[in-house]
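Take a look at the structure set out below.
The values are calculated or read from the model by the stated rules, or taken from the named source; none is laboratory data. In this text the structure is predicted, and so the values were computed from the model without any measurement. Positions of Cβ are generated from backbone atoms using ideal geometry, with glycine treated the same way; all protein chains shown enter the neighbour counts. Side chains included, ligands, DNA and RNA excluded: accessible areas come from the protein's heavy atoms. Shrake-Rupley method; radii C 1.70, N 1.55, O 1.52, S 1.80 Å.
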Amino acid sequence: MNTRTEWFEEARFGMFIHWGVYSSIARGEWVRSIERISNADYQPYVESFQPKAFDACKLAKLAKNAGMKYAVFTAKHHDGYCLFDSNYTSYSSMHYCQRDFVKEYIEAFRKEGIRIGLYYSLIDWHHPDFPHYGDRNHPERDNEAYKDYQYTFSDYLAYMHGQIRELCSNYGKIDILWTDYSYDDLKAEAWHGTELVRMIRSLQSDIILNNRLEASGEGFGSLITSHPNITSGDFVSPEQIIPPEGILNEKGEHVPWEACITMNRNWGYFKEDHDYKPYSLIIHKLVECVSKNGNMILNIGPDGDGNVPEEAIAILKDIGRWMKINGESVYGCGYSGISKPENGRITAKKNTYYYHIFEPDVGAIPLYGIQKEQIDEIRLLYNDKIIDVSETWITKNYPDVVFADLGPSPVLPDPVDTVIKVTFKGD
Ligand code: GLC
């Protein structure tokens, strides 16, 4: 087990930011592929993408106030447009907007003490040497005009390696590189993965990598086998799902993982998508990730002008309110060793268990899996009040369960998740 991921597993909660030219079309970041938009037809959007409202400082504050400890920003998505200054292309915000958005992002987030991650798409629908016809996703995948199109994949690899070198060289310390993604034969050594990872680690010795240089969202890659290799990355990246049992390798050992989750249904801004998850669900799912030794990275998709949708801002504020009171039950916490209780979840660190109560009860709240004699103190994070163990003729019938006496009201102080902190004697 490497120590690189220690801070990451302590942090537990991050912000994903999907943003680029596609945001101005407002139908998600896959719009070019889904609607088979050619480079030529995409070009007017590239030229008119002049996001006046993009304010990295505002985003950084939003993340910080929501209790997020790290962020990952799309330096380049599948459309190939670069939000940074690159010597390898003029297909960039530097060229078209005279702004290096990656730089703005990094400076702003660093200032707020948030760890820096960059998303870089291995896939590139703009580069002439990336597979076109017959590829699984390319906008020209079934355009007969590209059937005999000649391309030199090694030129694409030189470009991709060169850009990753720039990202790892020009902005100081980068904490996470989130490459996306491998599929079919395009994985690991097809990307010249060993060489790439050696280069990345020589420039950024502490950087952590996701598993997608080898894996798609569909597979986990070798990180979960007994023999991970240099391209396997440091953490697994389940997408839009929380793995039922967390993630263990073949030897049964814990593997760091991060569930990437959208707030509505899309990563990139999608105007018609108002299907936002209620903040209560997001809190429950964050707690679920932590209770299974995992992280959650929650996405925002600013619009083409750079504005974050109001719905997303409101959700982040609600999350922040809860995190401010209950953050200690998330940061640095993990699996408790006790299976999921019926009234919520448990997160744990050192000699402390946090019982997350999602369901109100008719009386005292059962805290499963612990003995009264082990307990030093029980507190309610909501108001920091000490809580008594309920010992009445009713609870005495259940000697194996500790009951927390929250008082006569059946209403939980926080109806979304009331956290009861149990500290044990000794370690
Ligand atoms: C997928 C998608 C992509 C998104 C990513 C986030 O692989 O291709 O659009 O950026 O997942 O996890």
Single residue of Gly327, Gly320, Gly369, Gly332 found to be out of contact with any Pro (no Cβ under 9 Å at 6 or more places or on another chain) and open to solvent by 20 Å² or more (accessible area, probe 1.4 Å): Gly332
Inside the stretch 323-385, counting only strands (runs of 3 or more DSSP E) that do not spill past its ends, which hold 1 or more residues that are touching a residue at least 60 places away in the same chain (Cβ under 8 Å)? 344-349, 352-357
Selection from the stretch 173-224 of residues that are more than 21 Å from Glu6 (Cβ to Cβ) and touching a Phe, Trp or Tyr at 6+ places or on another chain (Cβ under 7 Å): Thr179, Asp180, Arg212, Leu213, Ser216, Gly217
Find the helices (runs of 4 or more DSSP H) located wholly in the stretch 1-64 whose residues include 2 or more that are under 28 Å from Phe235 (Cα atoms) and away from the ligand (no atom under 16 Å from the Cβ), and list them. 6-11
If we ask which residues in the stretch 293-307 are open to solvent by 30 Å² or more (accessible area, probe 1.4 Å) and not polar (S, T, N, Q), their number turns out to be 2
Hey, among the residues in the stretch 132-159 that are within 16 Å of the ligand (Cβ to nearest atom) and not charged (D, E, K, R), which one's surrounded by the most Cβ atoms within 10 Å (Cβ to Cβ)? Pro139
List, please: which pairs have Cβ atoms under 6 Å, are six or more places apart or on different chains, and start with a residue in the stretch 227-245 that is in the same structural domain as Leu286 (by TED's automatic domain parsing) and end with one that is away from the ligand (no atom under 12 Å from the Cβ) and small (Gly, Ala, Ser)? Pro228/Ser222; Asn229/Ser222; Thr231/Ala188; Thr231/Gly193; Ser232/Gly221; Ser232/Ser222
Exactly one condition in (1) open to solvent by 10 Å² or more (accessible area, probe 1.4 Å); (2) part of a strand (DSSP E or B) is false for His95; which is it? (2)
May I ask you to verify whether Asp79 is surrounded by 20 or more Cβ atoms within 10 Å (Cβ to Cβ), over 20 Å from the mean Cα position of the chain (by Cα) and of a type in the set (D, E, K, R)? yes
